[in-house]
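The values are calculated or read from the model by the stated rules, or taken from the named source; none is laboratory data. Computed from a prediction, not measured in an experiment: that's the story for all the values here. When we count neighbours, we look across all protein chains shown, and the Cβ atoms used for this are built from the backbone with ideal geometry, even at glycine. Ligands, DNA and RNA are excluded from the accessible area calculation, which covers all protein heavy atoms including side chains. Shrake-Rupley method; radii C 1.70, N 1.55, O 1.52, S 1.80 Å.
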Amino acid sequence: MAIDAERIRFLYRTDQGRVDRATWLRGVGALAAVIAPFMLVWTALSPYTEHDLTTDPFFKPMTAVAYAFVIIYAFVVLLVAISFVNLSAKRFRDLGRTPPLGLASLPPFAALIAGATHWLQPRVAEVMPIYWVWGADAALVAVILWTVYELGFKESQAS
């Protein structure tokens, strides 16, 4: 099923309007399909970001590729997060939940916090125990499960 530019603009570029659960599920699936290849490439390239100048040469081509890719990946993650928030705000509005934009922002916010703890903890392990990372992951899982339940399974409110 082809989707036209106007439908994409409505679903992902504005938080105004309402969508039903089937539309939300299809929209989230499309966003997952966009970000999944980037996640796989990053998984393969991330080991190359460990660059110790005391043992490695100053310039390693794969390190440069990995850091160039992470810039693109970060941009894609932010675009997908914004699109998710806009799509989810429509669904929260359809369910009568307020504030829809604030509730829709919880999963990306929790994911960014969890990602930041995963990045930071190994660098400051002496002052940040691994339990902080586990706590951020647990909060992320709870927010994701709640969001999927609310937006993917609950029936729309009667208008």
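Under 16 Å from the mean Cα position of the chain (by Cα), of a type outside the set (A, V, I, L, M) and under 22 Å from Leu11 (Cα atoms): does that describe Ser156? Can you show your working first?
On the way: under 16 Å from the mean Cα position of the chain (by Cα): no; of a type outside the set (A, V, I, L, M): yes; under 22 Å from Leu11 (Cα atoms): yes.
Against the criterion (under 16 Å from the mean Cα position of the chain (by Cα), of a type outside the set (A, V, I, L, M) and under 22 Å from Leu11 (Cα atoms)), Ser156 does not qualify.
Within region 93-106, which residues are open to solvent by 40 Å² or more (accessible area, probe 1.4 Å), in a helix (DSSP H, G or I) and farther than 10 Å from Asp15 by Cα? Spell out the reasoning first.
Step one: list which residues in region 93-106 are open to solvent by 40 Å² or more (accessible area, probe 1.4 Å), which gives 93, 96-99, 101, 105-106.
Then drop every residue that is not in a helix (DSSP H, G or I), which leaves 93, 101, 105-106.
Once the filter is applied, which keeps residues that are open to solvent by 40 Å² or more (accessible area, probe 1.4 Å), in a helix (DSSP H, G or I) and farther than 10 Å from Asp15 by Cα, region 93-106 yields Ser105, Leu106.
From the list Ile8, Ile35, pick out the single residue that is touching a helix residue (DSSP H, G or I) at 6+ places or on another chain (Cβ under 6 Å), under 27 Å from Phe153 (Cα atoms) and in a helix (DSSP H, G or I). Talk me through it step by step, then tell me what you get.
Values: Ile8 fails: touching a helix residue (DSSP H, G or I) at 6+ places or on another chain (Cβ under 6 Å).
Sole residue among the options that is touching a helix residue (DSSP H, G or I) at 6+ places or on another chain (Cβ under 6 Å), under 27 Å from Phe153 (Cα atoms) and in a helix (DSSP H, G or I): Ile35.
If Lys90 satisfies every condition in (1) open to solvent by less than 20 Å² (accessible area, probe 1.4 Å); (2) modelled with pLDDT under 95; (3) not small (Gly, Ala, Ser) but one, which is the exception?
All conditions pass for Lys90, except number (2).
Please verify whether region 8-16 includes one or more residues that are within 25 Å of Ala142 (Cβ to Cβ) and either among the charged types (D, E, K, R) or touching a Gly at 6+ places or on another chain (Cβ under 8 Å) (or both). I'd like the intermediate steps shown before the answer.
Of region 8-16, the ones within 25 Å of Ala142 (Cβ to Cβ) are 15.
Filter once more, keeping what is either among the charged types (D, E, K, R) or touching a Gly at 6+ places or on another chain (Cβ under 8 Å) (or both): 15.
Taking every residue of region 8-16 in turn, at least one turns out to be within 25 Å of Ala142 (Cβ to Cβ) and either among the charged types (D, E, K, R) or touching a Gly at 6+ places or on another chain (Cβ under 8 Å) (or both).
Can you pull out every residue in region 111-159 that is closer than 22 Å to Val19 by Cβ and in a helix (DSSP H, G or I)? Steps first, please.
Kept after step one, since they are closer than 22 Å to Val19 by Cβ, are these residues of region 111-159: 111, 143-159.
Across region 111-159, the qualifying residues are Ala111, Val143, Ile144, Leu145, Trp146, Thr147, Val148, Tyr149, Glu150, Leu151, Gly152.
When you check Gly17 against the structure, is it open to solvent by less than 90 Å² (accessible area, probe 1.4 Å) and either assigned to a helix (DSSP H, G or I) or out of contact with any helix residue (DSSP H, G or I) (no Cβ under 9 Å at 6 or more places or on another chain) (or both), yes or no? Before you say what the answer is, go through the steps one by one.
Working: open to solvent by less than 90 Å² (accessible area, probe 1.4 Å): yes; either assigned to a helix (DSSP H, G or I) or out of contact with any helix residue (DSSP H, G or I) (no Cβ under 9 Å at 6 or more places or on another chain) (or both): no.
Considered against the rule, which asks whether it is open to solvent by less than 90 Å² (accessible area, probe 1.4 Å) and either assigned to a helix (DSSP H, G or I) or out of contact with any helix residue (DSSP H, G or I) (no Cβ under 9 Å at 6 or more places or on another chain) (or both), Gly17 comes out as no.
When Glu126 is evaluated against the numbered criteria (1) at pLDDT below 95; (2) open to solvent by 30 Å² or more (accessible area, probe 1.4 Å); (3) over 20 Å from the mean Cα position of the chain (by Cα), which criterion, by number, is the only one it fails?
Condition not satisfied by Glu126: (1).
I want to confirm something. Restricting to region 44-77 and keeping residues that are surrounded by fewer than 12 Cβ atoms within 10 Å (Cβ to Cβ) and among the hydroxyl-bearing types (Ser, Thr, Tyr), which single residue is modelled with the lowest pLDDT?
Thr54
Would you pick out the residues in region 62-114 that are within 15 Å of the chain's Cα centre (by Cα) and of a type in the set (Val, Ile, Thr)?
Val70, Ile72, Val76, Val77, Val80, Ile82, Val85, Ile113
Could you please let me know if Glu150 is among the acidic types (Asp, Glu), surrounded by fewer than 11 Cβ atoms within 10 Å (Cβ to Cβ) and at negative phi?
Working: among the acidic types (Asp, Glu): yes; surrounded by fewer than 11 Cβ atoms within 10 Å (Cβ to Cβ): no; at negative phi: yes.
When the stated conditions are applied, Glu150 does not pass them.
All but one of (1) free of Cβ contacts under 8 Å to residues at least 60 places away in the same chain; (2) assigned to a helix (DSSP H, G or I) hold for Gly27; which doesn't?
Tallying (1) free of Cβ contacts under 8 Å to residues at least 60 places away in the same chain; (2) assigned to a helix (DSSP H, G or I), Gly27 fails exactly one: (1).
Which ones in region 58-95 are under 30 Å from Arg18 (Cβ atoms) and touching an Asp or Glu at 6+ places or on another chain (Cβ under 9 Å)?
Filtering region 58-95 for residues under 30 Å from Arg18 (Cβ atoms) gives 75-95.
Correct list: Val85, Asn86, Leu87, Ser88, Ala89, Lys90, Arg91, Phe92, Arg93, Asp94, Leu95.
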